[in-house]
1. Connecting C-alpha atoms closer than 10 Å in a GNM of the chain, tell me which of 16, 66, 118 has the biggest fluctuation.
2. At a threshold of 8 angstrom on Cα-Cα distance, excluding pairs fewer than six apart, so keeping six or more, what relative contact order does the chain reach in percent?
3. May I have the convex hull volume per residue, in Å³, for the Cα set of the chain?
4. List the lysines whose Cα sits under 18 Å from the Cα of residue 70, skipping any in the same chain fewer than 8 residues away.
5. At what distance in angstrom do the alpha carbon centres of the range 77-129 and the range 1-69 lie from each other?
6. If a/c stays under 1.5 just call it rounded; otherwise compare a/b with b/c (prolate if a/b is bigger, oblate if not). Do that for the range 35-101, with a ≥ b ≥ c from the square roots of the Cα gyration tensor eigenvalues.
7. Starting from the Cα of residue 63, step 7 Å along the direction of its Cβ; do the same at residue 91; then give the gap between the two resulting points in nm.
8. Give me the aspartates and glutamates in straight-line cross-link reach of residue 53: C-alpha distance below 17 Å, same-chain residues under 8 apart excluded.
Amino acid sequence: MSHWVTKTSNVLEDVNANMLHSALTELGFGLDSKVKSVRNSYGSSPVDAGITKGGKALSLGFQFVNKDGKTNLVLQGDFWSTGVDQNKFMDQIAQTYMKQKAIAELEARMYNVDSIENMANGNIEINAYVYA
């Protein structure tokens, strides 16, 4: 059923736009900063970037909200006919984003990421090592 939603995530606070773009790409989506509004017959919202799939703009987008000097993410739009599960989407983005962030932090500390495994329980296991 079509309805306009606003979603946030406590995990997606102080986001890095490049890392967000990488996470979305890994999930099969794009981020188009030229899109400044998402709309359909049920609503509309100004956004800072639209979400795309297969090069096609979806009726979903992100607002980057500055709160206490940090960039927080707010999802605006309508999931109807997008093929996206609205109950899992923000969690999938948050998990993939945090995986990207953890890998970047490990590499910044000179760790080598050996493997990344999606576990049966939904967790992600990252094996990394560093030479002492």
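1. It is 118.
2. Working: 229 pairs, mean separation 31.2, N = 132.
It comes to 24 percent, rounded to a whole number.
3. 128 Å³
4. 7, 101
5. What the calculation gives is 17 Å, centre to centre.
6. Note, shape of the range 35-101 comes out oblate.
7. Output for this residue pair reads 2.5 nm.
8. 26, 32, 78, 85
Each reported figure results from applying straightforward, stated rules to the coordinates on display, with no laboratory input. These figures come from a predicted structure and were not determined experimentally. With ideal geometry, Cβ positions are generated from the backbone for all residues, glycine too; neighbour counts draw on all protein chains shown.
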